[in-house]
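This report concerns only the one structure given below.
Just so it is clear, none of the values below were taken in a lab; they were calculated from the coordinates. Owing to the predicted nature of the structure, the values given are computational and were not obtained by experimental measurement.
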Amino acid sequence: MNAPSTTRQKIKWAGRVLLAVLLGYLALILLTTVAQEVMFNGIDYYSSPRGDLIFGGLATFIAACLSGLVASIMVKGRSLLPHAVISLLILIETTTLITQGVLKGPLWFEALSGLALIIGVYAGHFAGKSFIYGN
């Protein structure tokens, strides 16, 4: 990416990055809620049927990919900065939910779920960059 040259361009770029983070994370929240709570009435390691775990996990991964795509569109595929911030937010949220006992599944399951979200966010970026912007 070419660095913005004027102060006005830098402010505009910073605003675009901030908007990408906000919209990407909001999309992640909304889409994962639909994927887990609406489509499968909640996903729980101990009580959900195996099929729900598999397809709910896939739906959640797709939600993360769409979230990354939203963020990528906002920065026109030029930067991974919004995706890095979203990934940090996922890491903070997952760690907090695990340490506070909100997530009741095994540690490996919950940690891999958070990692899948992060991978999905980046996959969405690269899909958008490749298919929308052609680079």
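May I ask for the angle, rounded to the nearest 10°, between helix 7-33 and the longest principal axis of the chain, with both axes built from Cα atoms and the value confined to 0 to 90°?
20
Using the scaling law 2.2 N^0.38 Å as the reference, what is the normalised Cα Rg of the chain?
Here the answer is 1.15, to two decimals.
Please compute the contact order of segment 71-122 in relative form: average sequence separation of alpha-carbon pairs under 8 Å and at least six residues apart, divided by the residue count, as a percent.
37 percent.
Rounded to whole Hz and in sequence order, give me ³J(HN,Hα) for segment 46-60 from the Karplus expression 6.51 cos²θ - 1.76 cosθ + 1.60, θ = phi - 60°, writing x for Gly and Pro.
Per-residue couplings from phi come out as 8, 10, 7, x, 4, x, 5, 4, 5, 6, x, x, 5, 4, 5 Hz.
Run the helix sum for the chain: -39,500 (n - 2.57) per DSSP H stretch of 4+ residues, divided by residue count, reported at 222 nm to the nearest 500 deg cm²/dmol.
-25000 deg cm²/dmol
State, as an integer percentage, the relative contact order of segment 11-131 based on alpha-carbon contacts under 8 Å between residues 6 or more apart.
34
Can you give me the angle between helix 107-131 and the longest principal axis of the chain, using Cα atoms only, in degrees from 0 to 90, rounded to the nearest 10?
On a 0 to 90 degree scale, this one is about 30.
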